[in-house]
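The values are calculated or read from the model by the stated rules, or taken from the named source; none is laboratory data. The structure presented is a predicted model; accordingly, all values stated were derived computationally and were not measured. Using ideal geometry, Cβ is built from the backbone for each residue, glycine included, and neighbour counts are taken over all protein chains shown. Ligands, DNA and RNA are stripped out before the accessible areas are found, and what is left, the full protein with its side chains, is counted by its heavy atoms. Shrake-Rupley method; radii C 1.70, N 1.55, O 1.52, S 1.80 Å.
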Amino acid sequence: MTVERTHVVIAGGGFAGLALALALRQSLGPTFEVVVADPAVARPAVDARASAIAAATRRMLETLGVWPSVAAQAQDILDMVITDSRLDDAVRPVFLTFAGEVAPGEPFAQMVENAVLLKALLARAEVDGLDLRPTSVTGYETGPQGVTVTLGDGAVVEASLLVAADGVRSRLRDLAGITVVGWEYGQSAIVTTVKHERDHGGRATEHFLPAGPFAILPLTDNRSSLVWVETTDEATRIVALPDAAFHDELEKRFGLHLGALEAVGPRQHYPLGLGVARAFVAERLALIGDAAHRVHPIAGQGLNLGLRDSAALAEAVADAARLGLDIGGPDVLERYQRWRRFDTMTMGIATDGLNRLFSNRSDVLRLVRDLGLGLVDRAPVLKRVFVREAAGLSGEVPKLLKGEAL
Ligand SMILES: Cc1cc2nc3c(=O)[nH]c(=O)nc-3n(C[C@H](O)[C@H](O)[C@H](O)COP(=O)(O)OP(=O)(O)OC[C@H]3O[C@@H](n4cnc5c(N)ncnc54)[C@H](O)[C@@H]3O)c2cc1C
């Protein structure tokens with residue numbers, strides 16, 4: 001059996017894995033070898049979602065040369081409206097509005113369809129000559145000098161560092177014996193795309209209903225992406241409805257403020273939960289993206305957090321490589337873990353709290369949150385803080401997210 005030698009093996013060629021691979025390749029050059037293994041690089045799964053890409057994430061994608069292929073299909077979020085009125089209220093009062101740019105002409109976030117972003121990352125990976133293998137990582141063993149990784153096609157690859165970017169049900173996290181703190185919400189998000197008669201004007205609307213948020217997120221060409229949260233039983237029922245009945249359920253929640261509606265994309269539903277890995281690293285292993293954390297989509301931050309992991313790990317590895325240090329050694333891994341774990345816990349707690357505050361039928365909580373939202377709405381300084389937070393520009397920001405090359 002021949003054993004190949006490389007510097008880094010990345011299990012998972014999704015958003016986090018590909019962004020890390022590009023960052024390492026571009027900062028350390030072609031002599032720094034990175035293998036990305038994922039059966040999906042040959043046939044990406046259907047993904048009906050679109051993601052709010054925060055300004056900092058967009059800067060990173062621009063620095064990596066990915067954004068030019070995405071830009072024409074990205075929709076600026078010009079303002080955001082939050083309401084928790086009841087569906088049968090004659091008028092739906094608005095409690096909070098956000099608008100703002102982080103720099104002139106730079107919106108705090110843009111909406112991009114997941115399929116568009118993944119295609120652009122894969123295309124850039126090919127241009128950069130990355131070693132993409134359409135197979136899974138099935139196991140690994142660590143030793144003092146490195147990690148020996150087994151792939152589904154039988155190949156064996158020795159590396160200094162193995163990265164688990166293998167998503168929410170990470171096999172590598174399990175193999176490393178890292179447990180996850182968290183819980184299921186008993187909610188699922190229905191996702192689909194809707195075409196409407198009138199222009200949305202770049203407005204995102206988050207309507208908090210008792211079962212969970214109903215978010216209308218603007219896309220290009222008079223379309224919007226929906227994230228529609230229900231109890232899991234109800235979501236399963238709604239997704240399976242015939243088209244006409246699905247349309248009725250949709251219209252009841254969406255309303256007719258944008259004219260006639262037509263569901264145009266595939267319908268999917270995703271069970272929701274909170275989960276943060278107890279450790280983001282183990283011997284010669286680092287967890288990034290959903291393998292490290294799973295957050296409620298209420299604030300549209302999961303993918304942004306994952307790319308922040310990629311940027312932080314790439315910076316820690318690049319710094320070590322340039323100093324001739326062991327890139328999979330404990331110092332590098334500890335630096336990465338310290339950098340990312342606190343930020344992730346904060347986001348996990350924030351999204352969990354928001355979900356609990358809004359996804360319920362309590363009149364007392366309704367009063368508390370409406371008072372709170374009303375106060376924030378009248379506090380421009382606080383709003384500016386929130387806009388910077390949503391843009392991913394607060395805290396210790398990795399270089400790539402500031403738009404700086406490594
Ligand atoms: C309804 C919904 C809406 C969302 N909206 C937003 C949003 O607006 N903004 C935002 O920032 N985030 C959002 N998110 C979160 C975001 O979608 C995820 O955080 C993101 O997709 C995670 O990316 P990832 O690269 O970590 O994992 P994934 O995209 O899941 O990629 C993991 C990859 O690993 C591969 N893999 C699995 N096992 C193996 C193995 N053993 N070996 C090799 N490869 C393997 C898989 O094939 C897959 O390609 C949303 C999530 C949901 C559910």
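Please return the longest range in the chain lying between exposed loop sites, taking trypsin sites (Lys or Arg not before Pro), DSSP loop only, at most 16 other beta-carbon atoms within 10 Å, and leaving the sites out. Here the longest segment lacking exposed loop sites spans 1-85. On C-alpha positions alone, give me the angle between the axis of helix 243-254 and the longest principal axis of the chain, in degrees, nearest 10. For helix 243-254, the angle is close to 80 degrees.
Projected area of segment 93-172, taken from the Cα convex hull and averaged over every viewing direction, in nm²?
10.3 nm²
Between the helical axis of 330-358 and the longest alpha-carbon principal axis of the chain there is an angle of about 10 degrees.
Solvent-accessible area of the chain (1.4 angstrom probe, protein heavy atoms only): carbon and sulfur portion equals 57 percent. Ligands, DNA and RNA aside, Asp352 has an accessible area near 20 Å² when probed at 1.4 Å. Placing unit charges on each Cβ (+1 for Lys and Arg, -1 for Asp and Glu) gives the chain a dipole about its Cα centre, and among Val194, His7, Gln301 the Cα reaching farthest toward its positive end belongs to Gln301. For the chain, dividing the convex hull volume of the Cα atoms by the residue count gives 137 Å³ per residue. Evaluating 6.51 cos²θ - 1.76 cosθ + 1.60 at θ = phi - 60° for every residue in segment 149-157, the Karplus couplings come out as 10, 9, 9, x, 8, x, 5, 10, 10 Hz, glycine and proline recorded as x.
When Met347, Met111, Met1 are compared by accessible area at a 1.4 angstrom probe, the order from most to least is Met1, Met347, Met111. The residues of segment 1-65 expose, per residue, 36 Å² of accessible area to a 1.4 Å probe. Summary of the geometry: segment 155-199 and segment 276-305, compared by the centres of their Cα atoms, lie 8 Å apart.
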